[in-house]
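Each remark here refers to the structure printed beneath this line.
No value in this document is a laboratory result; all are computed from the given coordinates. Everything quoted here is computed from the prediction, not taken from an experiment. When we count neighbours, we look across all protein chains shown, and the Cβ atoms used for this are built from the backbone with ideal geometry, even at glycine.
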Amino acid sequence: MGAAYRQLWASLGVARRHPDLARFLACIVFYQAGVQAVIALAAVYAQQAMHFDTRQTIVLILVVNAAAALGALGFGHVQDRIGHKRAIALTLYGWLATVLLAWLATDAARFWLAALVAGLCLGASQSAGRALVGYLSPPARRAEFFGLWGMAVKLSAILGPVTYGLAVWLSDGNHRLAMLSLGGYFLAGLAILAYVDVARGRRASHERLSAAGRGRRSTS
């Protein structure tokens with residue numbers, strides 16, 4: 001365990017030398033907190049706020065997952081056209097629309113629309129986030145930085161549902177207000193994403209690699 005923590009601190013130290021990648025990892029913690037809360041608590045929200053029965057809830061989960069698959073497959077082409085940063089920003093605006101639609105939904109039709117948008121954004125944001133981590137990572141340390149990405153997602157998987165539960169508790173069982181509170185995570189993600197310079201981060205990852213290669217050649 002001690003070796004694992006030493007490696008973690010070493011990896012975080014390396015990440016600090018890649019500020020744009022480090023900012024994006026922080027961005028992931030925030031926006032994934034909202035995503036993970038929606039994933040974990042969609043069925044609870046459907047039953048408590050929309051009064052779905054078991055059959056409707058099962059269909060809801062199937063629709064969200066089918067839409068997520070379509071979002072992941074189709075959004076790759078969008079990302080290639082508009083770029084990594086704009087693509088992720090677009091998915092975060094989509095998540096904001098999702099929580100607003102769910103909060104405003106007073107009938108099943110509007111909630112189904114929110115579920116469909118959530119599914120599309122789920123697949124798109126997951127694939128776009130992984131792609132940008134890979135794009136900004138130095139090739140020699142790509143697996144290491146994907147480890148940090150995994151840690152960020154796991155941290156958000158705790159943070160988001162705890163925030164939702166706390167909001168429900170503080171609001172005396174108001175699931176609609178708890179869902180709306182998740183929008184703060186997506187706004188925070190957008191704010192941090194604004195300071196990520198993808199081109200600069202890409203250059204930094206490859207310039208360091210080139211410098212290391214020149215150093216090895218000069219030593220030999």
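Structural remarks
- Each residue of the stretch 16-24 is assigned a 3J(HN,Hα), and the resulting list reads 5, 7, 10, x, 5, 5, 4, 4, 5 Hz, derived from the Karplus form 6.51 cos²θ - 1.76 cosθ + 1.60 (θ = phi - 60°), x at Gly and Pro.
- The chain: angle of helix 108-136 to the longest principal axis, Cα-based, in degrees nearest 10: 10
- Estimated inter-spin distance, LEU113 and ASP80, nm [label 7 Å along Cα→Cβ]: 3.2
- Relative contact order [Cα under 8 Å, 6+ residues apart], the stretch 88-220, whole percent: 32
- Relative to the longest principal axis of the Cα atoms of the chain, the long axis of helix 198-219 makes an angle of roughly 30 degrees.
- Rg/Rg_globular for the stretch 21-210, with Rg_globular taken as 2.2 N^0.38 Å and Rg from C-alpha atoms: 1.06
- Model label zone, VAL162; criterion: amide N under 17 Å from point 7 Å along Cα-to-beta-carbon; scope the stretch 1-30: 29-30
- Helix 142-170 and the longest principal axis of the Cα set of the chain meet at an angle near 30°.
- The simple Förster model, with R0 at 25 Å and r as the Cβ-Cβ distance, assigns ALA3 and LEU155 a FRET efficiency of 0.75.
- Across ALA118, ALA66, ALA199, mean-square fluctuation computed from a Gaussian network of the chain (C-alpha pairs under 10 Å connected) peaks at ALA199.
- Sorting the segments 18-25, 156-163 by their mean number of nearby beta carbons within 10 angstrom, highest to lowest, gives 18-25, 156-163.
- Taking TRP95, TRP169, TRP103 in turn, the Gaussian network model of the chain (Cα-Cα springs below 10 Å) assigns the largest fluctuation to TRP169.
- Within the stretch 84-103: backbone nitrogen closer than 20 Å to the ALA66 label point (7 Å, Cα to C-beta): none
- Arranged from fewest to most other beta-carbon atoms within 10 Å of their beta carbon, ILE58, ILE192, ILE88 become ILE58, ILE192, ILE88.
- The Cα trace of the stretch 1-117 gives Rg and Dmax of 18.1, 53 Å, the first to one decimal, the second as a whole number.
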